[in-house]
Amino acid sequence: MSSDQAGQRARPALAGLLDEATRLLGGDDPARVADLLHEAVLGGLDPDDTTVLRSVIGLVRALNDTTAEDSGVPLPRSGLQPVADRALVVTVTQDGTMIAAPEAMRDVLGYPPSAIPARSLGDLVHPHDLAGLQRAFASLTSSPGSQVAVDARVRHADGRWLVFAVSMVNLLETTGINAVVAHGHNVTEKRAADRALAVERARLRELVLHLAGGVVVDDGYRVLLDNAAFDRIFRPGRAVTGATVAELLDLIATECADPALSWEMLDRMVRSGSVHRGVRLALAGGRVVTCDLVPLRASSSMGTLWYFRDITRESVARSELEETNRALEEAANLKSRFVATVSHELRTPLTAVLAFSEMLEDCPDPLSAQQAAHLAVISRNANRLLRLVDDLLLLSRLETNQLSMSFTDIDVADLVTKATENHVPIGARGGISVTASVGDGPHIHGDPARLTQVLDNILTNALKFTRTGGAVRVQARADQASWTIAISDTGIGVPAADLPGLFEAFTRASNAGAAGIPGSGLGLSICKQIVAVHQGAMTIESTEGVGTTVRVTLPAGPGADGVVGIGGQLGGEIGEGIGTGGMGRR
């Protein structure tokens, strides 16, 4: 049944009740009036009519408050008290005279009976609201039986202004009442909350409307809100707000590359009632959109927040980046294969050159001084080139994870001591002192040949870049977790600008070339990768003109013996032909 139909059925009952109330008011049973009208309020009449009845009840209560003292008839206070507690009921005659129950004025507005304001609306209503209330009153009095509802600020006894929702009904022609009945509820806090909520809603709406992504909000049946970004993405060509959810799905699916499949997927998402994030939608024309769907639950109602983001540019950029990475990976593999091939091809003739050089040195016929000098140049440069080839092969295998290492328990103190002792004579020939300070500590697990290779390279660099009279110091210290090996020199140092790239392959300090010191720029890169395979770290500190300190940190602790690949897997033997002492230098 509609509210209009309910109202039509309720109004005859209301009229009968009012007639009965009028009759009783003229009799000697005012308590019966209150009971009768209160019963009507609880009887499920149309809301508008129950509002009128509540107003009439208040009026009867006010009249009863006055007549009960004289009649001595008890009133049904328990039934009417809830109305009085939260409402202010006054009657206003056609000439504007206001009558209010003293009890209501006290309970609602704080006025004691002795201090009730003068009996006019202007004494209670805020000046800014008075004109509107008077206009409503004038309109009301011109139409018997009509009702109006307005908000007005009413002065409390303590000076505060309280907001009341006032409902007025014209009962001027109702016998026994002959007044306008005004029924007001204190809604001060509610109106303040409504204003705050309206502000927050406006802010939220502005935020949604200006989001970069497309936003749609529905109530489970119709779209309540969409923003300009959504229109830009899907180009609906018509208003989306107000459309049904089914129409929204049609609109979105129409723009997709596969409308039927997209519609089914979106429909499943909506029906699931679950959160969905980052769902990709391929649109016609190659565009790509992601969709986030978040259910919005408010008591028993259900809605959805949709958020769309056009990621076409990001998708294209990602594809291009992936293609670039594939090309770079292929180029790196090609480079490694090329280096390995060329190195092998160079190694064969170099081996022959060195073999024949040794044969000439051992020739029974003595060589002339000039021949011996030429042979020494051949041997020296062939060995240098062979070391470079070995370094290239080693670097290639490190970069392609094809190098295997033989791991075992290592006494670091012994390893460092022996490596240092091997370089003492070399330093002595150049007038450079080489000393070591090695502490005790736990064994580590690693490849002794490769770690010796690392120490040899660092020590050789230190001697090569230190002038006569300088010093190279080796210090090795351990704690329970790791060993730290520091090799310091008093050499030419490294310019600060060169330090960040010093571990890159084929990179040398700029002052090394200027000083005419030879080197390939491979040694430190190889050392760092070997240390990394041992789960260690390698750092360089240097001051140009003062010296350099290289630190190698290696984790302590036992491990399984065996041949370990770069990836930590047991594998085959170390590659053929790759030496352990011929790395290029810094």
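Laid out as a table, the results:
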item: When residues of the range 477-496 are limited to those that are assigned to a strand (DSSP E or B) and not polar (S, T, N, Q), the one modelled with the lowest pLDDT; result: Ala478
item: Residues of the range 268-300 classified as among the small types (Gly, Ala, Ser) and farther than 23 Å from Ala212 by Cα, total; result: 6
item: Glu504 under 20 Å from Gln453 (Cα atoms), within 45 Å of the chain's Cα centre (by Cα), among the acidic types (Asp, Glu) and not assigned by TED's automatic domain parsing to the domain that holds Arg387; result: yes
item: Failed item in (1) under 30 Å from Leu281 (Cβ atoms); (2) touching a Ser or Thr at 6+ places or on another chain (Cβ under 8 Å), with Leu172 passing the rest; result: (1)
item: Residue in the range 140-149 that is in a helix (DSSP H, G or I) and either free of Cβ contacts under 8 Å to residues at least 60 places away in the same chain or over 55 Å from the mean Cα position of the chain (by Cα) (or both) present; result: yes
item: Selection within the range 122-152 - under 19 Å from Thr188 (Cα atoms) and in contact with a Leu (Cβ under 7 Å, 6 or more places away or on another chain); result: Val125, Leu130, Leu133, Val150, Ala152
item: Residue satisfying all of: in the range 157-187; surrounded by 16 or more Cβ atoms within 10 Å (Cβ to Cβ) and not in a strand (DSSP E or B); farthest from the chain's Cα centre (by Cα) among these; result: Gly176
item: Filtered residue count, the range 291-341, keeping only those that are under 30 Å from Leu395 (Cα atoms), at pLDDT 85 or above and not basic (Lys, Arg); result: 10
item: Residue match in the range 297-310 (condition: among the aliphatic types (A, V, I, L, M), within 23 Å of the chain's Cα centre (by Cα) and not in a helix (DSSP H, G or I)); result: yes
item: Any hit, the range 191-211, residues being under 32 Å from the mean Cα position of the chain (by Cα), within 30 Å of Val288 (Cβ to Cβ) and part of a loop (DSSP other than H, G, I, E, B); result: yes
item: Criterion violated by Val288 - all others in (1) within 23 Å of Leu207 (Cα to Cα); (2) of a type outside the set (Ser, Thr, Tyr); (3) at pLDDT 90 or above satisfied; result: (1)
item: Condition check for Arg235: modelled with pLDDT under 90, loosely packed, with under 13 Cβ neighbours inside 10 Å and outside the structural domain of Leu386 (by TED's automatic domain parsing); result: yes
item: Thr312 vs. criteria touching a strand residue (DSSP E or B) at 6+ places or on another chain (Cβ under 7 Å), farther than 26 Å from Thr244 by Cα, surrounded by 13 or more Cβ atoms within 10 Å (Cβ to Cβ) and of a type in the set (S, T, N, Q); result: yes
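Yes or no, residue by residue, for (1) in the same structural domain as Ser520 (by TED's automatic domain parsing); (2) among the aliphatic types (A, V, I, L, M); (3) out of contact with any Asp or Glu (no Cβ under 7 Å at 6 or more places or on another chain):
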{"position": "Phe356", "(1), (2), (3)": "no, no, yes"}
{"position": "Met359", "(1), (2), (3)": "no, yes, yes"}
{"position": "Leu367", "(1), (2), (3)": "no, yes, yes"}
{"position": "Ala376", "(1), (2), (3)": "no, yes, yes"}
{"position": "Leu388", "(1), (2), (3)": "no, yes, yes"}
{"position": "Leu392", "(1), (2), (3)": "no, yes, yes"}
{"position": "Met405", "(1), (2), (3)": "yes, yes, no"}
{"position": "Asp409", "(1), (2), (3)": "yes, no, yes"}
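The values are calculated or read from the model by the stated rules, or taken from the named source; none is laboratory data. All of these numbers come straight from a predicted model, not from anything done at the bench. Reconstructed Cβ throughout: ideal geometry from the backbone, glycine too, with neighbour counts over all protein chains shown.
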